[in-house]
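The values are calculated or read from the model by the stated rules, or taken from the named source; none is laboratory data. Predicted model, so just to flag it, every value in this text is computed and none were measured. With ideal geometry, Cβ positions are generated from the backbone for all residues, glycine too; neighbour counts draw on all protein chains shown.
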Ligand SMILES: [Zn+2]
């Protein structure tokens with residue numbers, strides 16, 4: 001493989017403007033401070049506080065009955081509306097601080113705070129990792145988990161927003 005022919009990157013999500021890892025890390029710090037997210041936000045009765053703080057900043061969580069949801073272990077997001085949709089089962093796991101569920105929540109939050117919308121569909125240049133909305137959201141979630149000192153989860157399965 002030569003530098004002129006880098007391996008083709010397999011996009012998992014939409015192609016969005018590139019963000020560096022460093023930039024995303026800075027975003028996690030700002031989001032933590034603005035929303036007041038802490039490790040304990042995912043413990044005890046604190047998730048309710050977190051949700052009202054999110055609401056004040058125009059980010060809403062819609063909890064959907066499991067029966068109306070195709071897969072109760074996944075969430076979805078509408079970044080432009082600031083809406084995160086979660087089934088009841090996943091929501092209760094987020095509130096109980098279950099690592100995998102918290103990571104899914106932070107991933108979806110990442111799509112919102114990173115301002116994801118599909119772009120650059122007509123670029124002639126091959127896409128690269130840091131233009132992948134899924135990579136960016138995963139990176140945001142992992143950086144926030146690191147920043148808050150939350151327990152680590154295994155990598156989540158692919159989600160489509
Ligand atoms: Zn995603």
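Is it fair to say residue 27 is within 23 Å of residue 117 (Cβ to Cβ) and at pLDDT below 95? In short, no.
Within the stretch 29-50, the residues that satisfy the criterion of being in contact (Cβ under 8 Å) with a residue 60 or more places away in the chain, surrounded by 15 or more Cβ atoms within 10 Å (Cβ to Cβ) and more than 16 Å from residue 99 (Cα to Cα) are 31, 32. For the stretch 74-91, a residue qualifies if it is crowded, with 22+ Cβ neighbours inside 10 Å and near the ligand (Cβ under 10 Å from one of its atoms), and the qualifying residues are 75, 77, 79. Only residues that are loosely packed, with under 13 Cβ neighbours inside 10 Å, in contact with a helix residue (DSSP H, G or I) (Cβ under 7 Å, 6 or more places away or on another chain) and part of a helix (DSSP H, G or I) were counted in the stretch 51-71, giving 0.
Among the residues of the stretch 97-106, the ones that are closer than 17 Å to residue 23 by Cβ and near the ligand (Cβ under 10 Å from one of its atoms) come to 0 in all.
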